[in-house]
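Read the figures in this text as sums done on the coordinates, not as results from a lab. Nothing here was measured: the structure is a model prediction, and the numbers come from that model. As a convention, Cβ positions derive from the backbone with ideal geometry for all residues, glycine included, and neighbour counts pool all protein chains shown.
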Amino acid sequence: MTAPALELDQLTKVFSGNRAADGVSLEVPPGSLTGLVGPNGAGKTTSLSMAVGLLRPDSGTARVDGVDVWRDPTRAKALLGVLPDGLALPERLTGSELLRYWGLLRGMDPAVVASRTSELLRILELDEADERGVLVLEYSTGMRKKIGLATALLHSPRVLVLDEPFEAVDPVSARVLRAILRRFVAAGGSIVISSHVMSLVEEMCDRVAIIARGQVLSHGTLAQVRGSGSLEDRFVELVGERTIAQEELTWLGS
Ligand SMILES: Nc1ncnc2c1ncn2[C@@H]1O[C@H](COP(=O)(O)OP(=O)(O)OP(=O)(O)O)[C@@H](O)[C@H]1O
């Protein structure tokens, strides 16, 4: 039997008594695209950070292609491409310099780094800024997402874990990004994305997990999770609705 592309088992993290992740378990089958959705502060970033070796869990395990992320980080990280929340990149470099630095740090062949860099920058429409010598420091939010995605793809990983990859990305670039992700999955790769955009998750993902208060409330195929309604309906049903009462915010517009 092949190992799941990503397997989270009872991942738990407590910050000063706050159970940010409270026994998060999730299986991502090979060749699938899983959407992780949940309200603000639900524990998505905490869970994904533990899953990829960026945040040490208090307990629980994370495996990529059967490799334990915390016991064998070098092997696991070679299999992983990560777009973390609040990307920390060396900023006083151009996009191509950054990708070269990133690739060589990973022990890649310089010629392969160079050809993939120019292809990624062109496809992600960062090549023109690069030719003008624009530093990552000067990039817009969307451009930062795109260069972050390029660093995640550069070494051709087996599993991509992307925290809010479409946030601040313009619609044309978002299409390109979707096409890249689809191609990655068609080639046998697996992806987990976190997103607040239900329509995007419904359009792109074949599997979904709803997380709230540090726990996975529902997961499975899109059809299993949303049932006969929309994903948003199911989300609100599980997470709870917040409405504004008549007596609240009465000072607005007065
Ligand atoms: N480094 C930290 N120190 C203390 N508390 C933290 C830390 N990181 C996250 N938390 C807390 O853990 C909980 C989960 O946060 P997390 O960032 O994982 O949520 P999220 O689902 O990614 O939210 P969002 O959708 O708003 O990005 C929140 O209550 C948050 O305040």
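Which residue is nearest to the ligand (Cβ to nearest atom), if the candidates are limited to region 48-78 and must be among the aliphatic types (A, V, I, L, M) and more than 16 Å from the chain's Cα centre (by Cα)?
Val69
Is it true that Leu36 is aliphatic (A, V, I, L, M) and touching a helix residue (DSSP H, G or I) at 6+ places or on another chain (Cβ under 8 Å)? Show your work before the answer.
Details: aliphatic (A, V, I, L, M): yes; touching a helix residue (DSSP H, G or I) at 6+ places or on another chain (Cβ under 8 Å): yes.
When the stated conditions are applied, Leu36 passes them.
Residue by residue through region 156-187, note down the ones that are within 19 Å of Ala5 (Cα to Cα), assigned to a helix (DSSP H, G or I) and within 16 Å of the chain's Cα centre (by Cα). Spell out the reasoning first.
Here is the first cut: in region 156-187, the residues within 19 Å of Ala5 (Cα to Cα) are 156-163, 180-187.
Pick out the ones that are also assigned to a helix (DSSP H, G or I) and you get 180-186.
Selection gives Ile180, Leu181, Arg182, Phe184, Val185.
Residue under question is Arg100, and the condition is that it be not β-branched (Val, Ile, Thr) and not in a strand (DSSP E or B); does it hold? Spell out the reasoning first.
Details: not β-branched (Val, Ile, Thr): yes; not in a strand (DSSP E or B): yes.
Considered against the rule, which asks whether it is not β-branched (Val, Ile, Thr) and not in a strand (DSSP E or B), Arg100 comes out as yes.
Filter region 112-155 down to residues that are not charged (D, E, K, R) and not in a helix (DSSP H, G or I), then give me how many there are.
Taking region 112-155 first, the residues not charged (D, E, K, R) are 112-115, 117-118, 120-121, 123-124, 126, 129, 133-137, 139-143, 147-155.
Now narrow it down to the ones that are not in a helix (DSSP H, G or I): 124, 126, 133-135, 139-140, 154-155.
Residues flagged as not charged (D, E, K, R) and not in a helix (DSSP H, G or I) within region 112-155 amount to 9.
Can you pull out the residues in region 48-65 that are among the small types (Gly, Ala, Ser) and either part of a helix (DSSP H, G or I) or exposed (fewer than 14 other Cβ atoms within 10 Å of the Cβ) (or both)? Lay out the reasoning, then the answer.
Kept after step one, since they are among the small types (Gly, Ala, Ser), are these residues of region 48-65: 49, 51, 53, 59-60, 62.
If the condition is that a residue be among the small types (Gly, Ala, Ser) and either part of a helix (DSSP H, G or I) or exposed (fewer than 14 other Cβ atoms within 10 Å of the Cβ) (or both), then Ser49, Ala51, Ser59 are the ones that fit.
If Glu128 satisfies all but one of (1) more than 16 Å from the ligand (Cβ to nearest atom); (2) buried (at least 20 other Cβ atoms within 10 Å of the Cβ), what's the number of the condition it fails?
All conditions are met except number (2).
Being crowded, with 18+ Cβ neighbours inside 10 Å, touching a helix residue (DSSP H, G or I) at 6+ places or on another chain (Cβ under 7 Å) and aromatic (Phe, Trp, Tyr): is that true of Phe166 here?
Details: crowded, with 18+ Cβ neighbours inside 10 Å: yes; touching a helix residue (DSSP H, G or I) at 6+ places or on another chain (Cβ under 7 Å): yes; aromatic (Phe, Trp, Tyr): yes.
Answer is yes for this residue.
If only one of Leu80, Leu36, Leu48 is closer than 21 Å to His155 by Cα, in contact with a Ser or Thr (Cβ under 7 Å, 6 or more places away or on another chain) and not basic (Lys, Arg), which one is it? Write out each step before concluding.
Numbers: Leu80 fails: in contact with a Ser or Thr (Cβ under 7 Å, 6 or more places away or on another chain); Leu36 fails: closer than 21 Å to His155 by Cα.
Selected residue: Leu48, the only one of Leu80, Leu36, Leu48 that is closer than 21 Å to His155 by Cα, in contact with a Ser or Thr (Cβ under 7 Å, 6 or more places away or on another chain) and not basic (Lys, Arg).
Can you run down the residue pairs with Cβ atoms below 7 Å, 6 or more apart or on separate chains, where the first is in region 35-58 and touching a residue at least 60 places away in the same chain (Cβ under 8 Å) and the partner is near the ligand (Cβ under 6 Å from one of its atoms) and assigned to a strand (DSSP E or B)?
Gly43/Ala20; Thr46/Ala20
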